[in-house]
Amino acid sequence: MLKMFKEDIEVVFDQDPAARSYLEVILTYAGLHAIWSHRMAHALFKKKFFFLARSISQISRFFTGIEIHPGATIGRRFFIDHGMGIVIGETCEIGDNVSVFQGVTLGGTGKEKGKRHPTIKDNVLIATGAKVLGSITVGENSKIGAGSVVLKEVPPNSTVVGIPGKVVIRDGIKINKDLNHSDLPDPIADRFKEMDKEIYALKAKLAEQRQEERSL
């Protein structure tokens, strides 16, 4: 447990250039506090101390703005950046080296029983405001773009954007975790551009037909 706590601190320095000192990170990083609280709550949850585990979870939620159900399984080097509004459901399974930003929801889609929350594999980055819903799997080394709503399986080494989320990049090569939130493919905008071209072509053809009718 102590080794895992140390790794949780080290990943902050790896991922956040604003981190200046160990004391600052330990005392002021709400994401780190939420992760540590969850690790304690999860240990109690596995021993069936459900009320105590849930109490720790709710106290942590009050102070950090981050809600992680004590039943969720979270791997090593989990990084939360500006975590306000993050929600992680009970049956969620998160691998190692995963990063999430503020407003992310890893939730269910209804009142179904059993495994109802996502499985997030290793080295995944989930950007601001993204929602990953249902018992689906996000594959290794993938990125979920800001504001996306993901309802279907995500293959490894993929980038997903949009509502609903669509895979826009998948090349089989490991993707570095350097997601530029302002420079993502936009399938909706691309479709509008295609429609503009089609409309322009139709207008040109219509104008040509009218010209031919006038000449007759």
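What follows is calculated from the coordinates using simple rules that are stated; it is not laboratory data. Being a predicted model, the structure only gives us computed values, none of them experimental. Cβ atoms come from the backbone with ideal geometry, glycine included; neighbour counts cover every protein chain shown.
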Between I9 and K193, take the C-beta separation as r, use R0 = 45 Å, and let me know the FRET efficiency to the nearest 0.05.
-> 0.50
C-alpha center-to-center spacing [segment 13-59, segment 82-126] in angstrom = 16 Å
In straight Cα distance, which lysines are under 24 Å from K47, not counting same-chain residues fewer than 8 positions off?
-> K3, K6, K113, K115
Three-way shape call for segment 71-164 based on the alpha-carbon gyration tensor, with the a/c threshold at 1.5 = rounded
For segment 2-181, what log10 I(q)/I(0) values come out of the Debye formula at q = 0.13, 0.17, 0.20 1/Å, with one point per alpha carbon and no solvent?
-> -0.61, -1.05, -1.41
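Net charge near V25: determine it from the other residues with C-beta under 15 Å of the C-beta of V25, scoring Lys and Arg +1 and Asp and Glu -1.
Values: positive: K6, R20, R77; negative: E7, D8, E10, D14, D16, E24, D81.
Local charge sum for V25: -4.
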Using alpha-carbon coordinates, inclination of helix 50-64 to the longest axis of the chain, degrees = 60 degrees
Pop the C-beta distance of K46 and E153 into the FRET formula with R0 = 35 Å and round what comes out to the nearest 0.05.
-> 0.80
